[in-house]
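A.B. asks: Dropping a structure here in structure tokens format, bear with me for questions.
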Amino acid sequence: MTDLVQLTSDNGIAVITINNPPVNALSPGVPEGISEALDRIAHDDALKATVLIGGGRTFVAGADIKEFGKMTSGKTRGAGLLPLLLKIEDSAKPVIVAIHGTAFGGGMELAMAGHYRVAAATAQFGQPEVKLGLIPGAAGTQRLPRLAGVMKAVEMCVSGNPVNAEEALKLGIVNRIVEGDLLAGAIAFALEVAGKPAPKTRERDEKLGNATENALIFSAARETTAKKQRGLLAPVRAIDAVEAATKMPFEDGCKAEQKLFIGCLFSEQSKSLIHVFFSEREVAKIPDIPRQTNVIPIHSAAVVGAGTMGGGIAMALANAGIPVVLKETDQAVLDRGIATIRSNYANSVKRGRFSPQVAEERLKRITPTLTYDDFSDVDLVIEAVFEGMALKKEVFKDLDRVSKPGAILASNTSTLNIDEIASATSRPDSVIGTHFFSPANVMRLVEIVRGKASSKEVVATCMQLAKTLGKVGVLVGNCRGFVGNRMFGPYRREAQFLVEEGAGVEAVDQALSDFGMAMGPLATGDLAGLDVGWRIRKEYRHLEVPGVRQPFVEDRLCELGRYGQKTGAGWYKYDDQRRAAPDPAVGELIRKWVDEAGIGQREISPTEITDRCLYALVNEGARILEEGFALRACDIDIIYINGYGFPAHRGGPMWYADTVGLKRVYDRISEFHRQHGEIWQPAPLLKQLAEQGKTFAEFGREQGATA
Ligand code: 3H9
């Protein structure tokens, strides 16, 4: 037996316990340990049945994802789970799988090979492999339709979303929910079924449906997937694999699944999504802030500013159970802010996201106010007032006066210097940036901006807070635009240059949308409001280097009052439902302005569009990295995936550059440098890594990253 698996017994029932913390993944040694335990049980006449259970906080959360990287690089041959699952199913003594926490992926497949499943009421069941660009690879697509029906199996394998114990019971995945001690309940169940014939999942076919119904299920699933999971390989393969279950005997279905699984495993998409999985966890690790750093408990909060951002942040806090005071200076603005929050909650109720009671409870947690009277007790204040340094400093001076010692004073600024804001207080160590993305109650990203005086406790607390709010916090340094917006500048600059040089507005957006971006850069500008950037550009015009080309079309559109969606016109025109349509007038205006400016127009290929926009991101990302404003390349990837609609299956901009090859990226950037001048100066780090034949990921590992 390995140390990862223990065999004990209780009242004639064998108990196999998997102990591979933290999530009992099926790492090498676990399948072997279970197999050995089964052999011993088979030869022990005193044992009548087997309970298979996970030690610690969960049942098995899947195959060991770290092993996949070793498999694709040829270092190991893979887990070979299928024979173990057949051995469990063929065991003469019934095997009862007892599930708490999560039975995910290979864990779910292991559970389905058992003859019975009992579960804690809080257990969850899922085949989340698609989220890693994979499909179930240990007969999940073959056993799940036999237990839960074809439609549900397709839904679970294609979405990757789990079901809870109650639903699993209804679906037939689980035989009993155990209240109280799970092991005791599982042993009691085992005593009931011991000695009786045990059902084998693979031999069941009553839920496999008929050809006509199944054809409809598969074609509907393929249609939805093409729309909702555009460009993704794994969901399509998952449908193919479940279809195989309905058309072939079990053994052949398993072979078909294996082939599809291997195809996914070696795909660039899967490698990228696995990178994203580990990177999301890596960003929580801050080299100079140990895990055990004291975290300030946040029992209550306040938000200053009830505009779009302030209201969204208040909702995010309230949704996580944190009572929040929402302050404005003007009653009418405050009323409008609260009305928007109320209507957002009402919309969520209408869409079935939560019940009216839940909405009411959340709303009740938000207390509107015009004064600082209720600020003296709160643990955290987030300022979300208009973006201007003088105003922000004024607010922070007030916050310093009214807040209790130790309260965190955070600014939601997206561009301003956090150290200068902190200088308005007597406690810069308590000041930090928490840059939410709009709409703040929905978007997952929060850039946590570390000021030069921000204390480790304050940083650790804000990182933890992001998690509590169901978001991903990424620590960034204090530079103009921080990480996300600093990179977004060159990206959108190139989109505009391309239009000036002859690419159509729609052609630019289409090329990036075909790459997988949630939205093209020009349509994104229309959504955010073109006037925002216009105002900032006017404020910083004095910093522009003379002779360096600046895009000008967007400013001209703003001068005509075309601010984007909110004014019904920007790069596109919009109807009253804010649906976009191409605007021929914009094309004509651009041609006229460009002619006047003496810029020649030409045919531009979709490849040039994506290369220029994406490599502008990468080049700025490389600069940020070498200047230390992002901790690792993977931090930048997580920012772009969660805040800027970068496709997760491309792994983020820095990972994407690694997959293209940094030498190729560098060569192309050098070509742009020759053609378009100094704005394309290659980042020194990019040059260095390209010359050394290295990747950003390798650079990160050299700097101590573990992902
Ligand atoms: C699969 O099963 C394929 C099969 O069909 C078989 C084919 C042959 N492996 O998320 P957390 C680590 S594919 C390795 O922070 P939580 C994680 O990196 C797999 N490591 O905790 C982290 O490490 P660290 C299908 C794993 O409580 C630590 O555990 N299964 C794995 O917030 C804690 O994780 C999945 O996709 C793993 N499978 O959430 C499930 N899982 O502390 C993936 C976790 O060093 N896992 N780690 O940063 C999850 O969804 C969540 O981890 C879970 C717990 C919900 C289980």
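Let's see how each residue does on (1) more than 30 Å from the chain's Cα centre (by Cα); (2) more than 12 Å from the ligand (Cβ to nearest atom):
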position	(1), (2)
30	no, no
39	yes, yes
46	yes, yes
55	no, yes
58	no, no
63	no, no
67	no, no
80	no, no
85	yes, no
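A.B. asks: Mind checking which helices (runs of 4 or more DSSP H) fall wholly inside region 407-510 and carry at least 2 residues that are under 17 Å from the mean Cα position of the chain (by Cα) and surrounded by 22 or more Cβ atoms within 10 Å (Cβ to Cβ)?
C.D. replies: It comes to 456-468.
A.B. asks: While we're looking at this one, here's another question. Give 65, 41 a once-over and let me know the one that is touching a Ser or Thr at 6+ places or on another chain (Cβ under 9 Å) and in contact (Cβ under 8 Å) with a residue 24 or more places away in the chain.
C.D. replies: 41
A.B. asks: Can you tell me which residues in region 512-568 are modelled with pLDDT of 85 or more and either of a type in the set (Ser, Thr, Tyr) or at positive phi (or both)?
C.D. replies: 513, 516, 524, 529, 561, 563, 564, 567, 568
A.B. asks: Can you name every one of the helices (runs of 4 or more DSSP H) wholly within region 127-208 that holds 3 or more residues which are away from the ligand (no atom under 16 Å from the Cβ)?
C.D. replies: 150-159, 165-171, 182-193
A.B. asks: Sticking with this one: Which condition number does residue 650 fail, the rest of (1) surrounded by fewer than 23 Cβ atoms within 10 Å (Cβ to Cβ); (2) modelled with pLDDT of 95 or more; (3) among the basic types (Lys, Arg) being met?
C.D. replies: Condition not satisfied by residue 650: (1).
A.B. asks: From 640, 656, grab the single residue that is among the hydroxyl-bearing types (Ser, Thr, Tyr), within 20 Å of residue 479 (Cβ to Cβ) and in contact with a helix residue (DSSP H, G or I) (Cβ under 7 Å, 6 or more places away or on another chain).
C.D. replies: 640
A.B. asks: Which numbered condition in (1) more than 26 Å from residue 270 (Cβ to Cβ); (2) within 15 Å of the ligand (Cβ to nearest atom); (3) crowded, with 24+ Cβ neighbours inside 10 Å is the only one that residue 98 fails?
C.D. replies: (2)
A.B. asks: Kindly provide the set of residues from region 4-28 that are closer than 22 Å to residue 104 by Cα and away from the ligand (no atom under 16 Å from the Cβ), ordered by number.
C.D. replies: Residues satisfying the conditions are 5, 6, 15, 16, 17.
A.B. asks: Can you pull out every residue in region 338-358 that is without any contact (Cβ under 8 Å) to a residue 40 or more places away in the chain, closer than 14 Å to residue 441 by Cα and not hydrophobic (A, V, I, L, M, F, W, C)?
C.D. replies: 340, 342, 343, 345, 347, 348, 353
A.B. asks: Any chance you could count how many residues in region 595-620 are in a helix (DSSP H, G or I) and either at pLDDT below 95 or surrounded by fewer than 16 Cβ atoms within 10 Å (Cβ to Cβ) (or both)? Full working, then the answer.
C.D. replies: We begin by selecting, within region 595-620, every residue in a helix (DSSP H, G or I); these are 595-597, 606-620.
Imposing the further condition that a residue be either at pLDDT below 95 or surrounded by fewer than 16 Cβ atoms within 10 Å (Cβ to Cβ) (or both) reduces the set to 595-597, 606-607.
Matching residues across region 595-620 total 5.
A.B. asks: Just to check your reading of the model, which residue among 536, 590 is touching a residue at least 12 places away in the same chain (Cβ under 8 Å), part of a helix (DSSP H, G or I) and within 19 Å of residue 503 (Cβ to Cβ)?
C.D. replies: 590
A.B. asks: Sticking with this one: Quick one: which helices (runs of 4 or more DSSP H) sit completely within region 643-707 and have at least 2 residues that are among the charged types (D, E, K, R)?
C.D. replies: Qualifying helices (runs of 4 or more DSSP H): 662-676, 684-692, 696-702.
A.B. asks: Turning to a different aspect of this structure: The conditions are (1) free of Cβ contacts under 8 Å to residues at least 12 places away in the same chain; (2) within 25 Å of residue 158 (Cα to Cα), and residue 70 fails exactly one of them. Which is it?
C.D. replies: (2)
A.B. asks: Of everything in region 229-256, what is assigned to a helix (DSSP H, G or I), crowded, with 19+ Cβ neighbours inside 10 Å, within 27 Å of the chain's Cα centre (by Cα) and not β-branched (Val, Ile, Thr)? Give them in sequence order.
C.D. replies: 234, 235, 237, 238, 241
A.B. asks: What is the one condition in (1) in a helix (DSSP H, G or I); (2) over 30 Å from residue 486 (Cα atoms) that residue 377 does not satisfy?
C.D. replies: (1)
The values are calculated or read from the model by the stated rules, or taken from the named source; none is laboratory data. Predicted, not measured: the structure shown is a model, and the values here were computed from it. Note: ideal-geometry Cβ built from the backbone for every residue, glycine included; neighbour counts use all protein chains shown.
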